[in-house]
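S.K.: One structure follows; several queries about it will come next.
Bear in mind that the values in this text are calculations on the coordinates, not laboratory data. Keep in mind it's a predicted model, so treat the numbers as computed, not measured. With ideal geometry, Cβ positions are generated from the backbone for all residues, glycine too; neighbour counts draw on all protein chains shown.
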Amino acid sequence: MNDRHLIVLNVNGEDHEALVEPRKTLLDVLRHDLGLTGAHAGCEHGVCGACTVLVDGEPVRACLVFAVQAEAADIRTVESLGRDGELSDLQEAFREHHGLQCGFCTPGFLMLAEGFLAQQPDAGREEIREALSANLCRCTGYQTIVDAVAATAARRLDTERETAP
Ligand code: FES
Ligand code: FES
């Protein structure tokens, strides 16, 4: 019996077809079927957040979602950040503030922060710290990640004020 399903996932603005078993996670389909290896497989049971992607704008642990559940959703992975080989402002802030060391957790933190800042662009440092506590990092001690996200929030607010009519 063939229990695989043909699904279409919209990832980073493009439709992708995949023939998948219903039990296959979104993380595995992104990495193994679509070749998008930016979302990392850490604990694979919802604890570390290394697999975080955006599903309809919400940070989601891709290891806890079946790919078949994500059909019709707007999925964004870390590969969507940056343009034409340039880092995004958030990625640049991680670089400036040393928000990564080994980098294994970084794609998850970037997408967690991207989703959070879209929802709460004027978040203060404590709110940012609380939001980032969802994910684990074994290297940095977290302060530099908070610094990077707080700096991005401040810069985006400044830009918005400067460009306001
Ligand atoms: S790999 Fe998904 S939460 Fe750890
Ligand atoms: S930079 Fe190594 S786990 Fe976060």
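S.K.: Calculate, for residue 44 and residue 101, the FRET efficiency according to 1/(1 + (r/R0)^6) with r their C-beta to C-beta distance and R0 25 Å; round to the nearest 0.05.
M.R.: 0.70
S.K.: For a Förster distance of 22 Å, can you work out the FRET efficiency between the beta-carbons of residue 74 and residue 3, rounded to the nearest 0.05?
M.R.: Working: r = 27 Å, r/R0 = 1.23.
It comes out at approximately 0.25.
S.K.: Mind checking the dipole of segment 89-163: about its Cα centre, +1 per Lys or Arg Cβ, -1 per Asp or Glu Cβ, Debye to the nearest 20?
M.R.: Magnitude of the dipole: close to 280 debye.
S.K.: Cβ under 14 Å from residue 111's Cβ, residue 111 left aside: what net charge do those residues give with Lys, Arg +1 and Asp, Glu -1?
M.R.: Counting the neighbours of residue 111, the net charge comes to -3.
S.K.: Okay, helix-only estimate at 222 nm for the chain: each DSSP H run of n ≥ 4 adds -39500 (n - 2.57), divide by all residues, round to 500 deg cm²/dmol; what do you get?
M.R.: My calculation for the chain gives -9500 deg cm²/dmol from helical runs alone.
S.K.: Here's a follow-up. Could you tell me how many degrees, from 0 to 90 and to the nearest 10, lie between the Cα long axis of helix 106-119 and the main elongation axis, the longest principal axis, of the Cα atoms of the chain?
M.R.: Rounded to the nearest ten degrees, it is 70.
S.K.: Mean projection of the alpha-carbon convex hull of the chain over all orientations, in nm²?
M.R.: 10.4
S.K.: Another question about this same structure. Can you tell me what percent of all Cα-Cα pairs in segment 68-128 are more than 16 Å apart?
M.R.: It works out to 54 percent of all Cα pairs.
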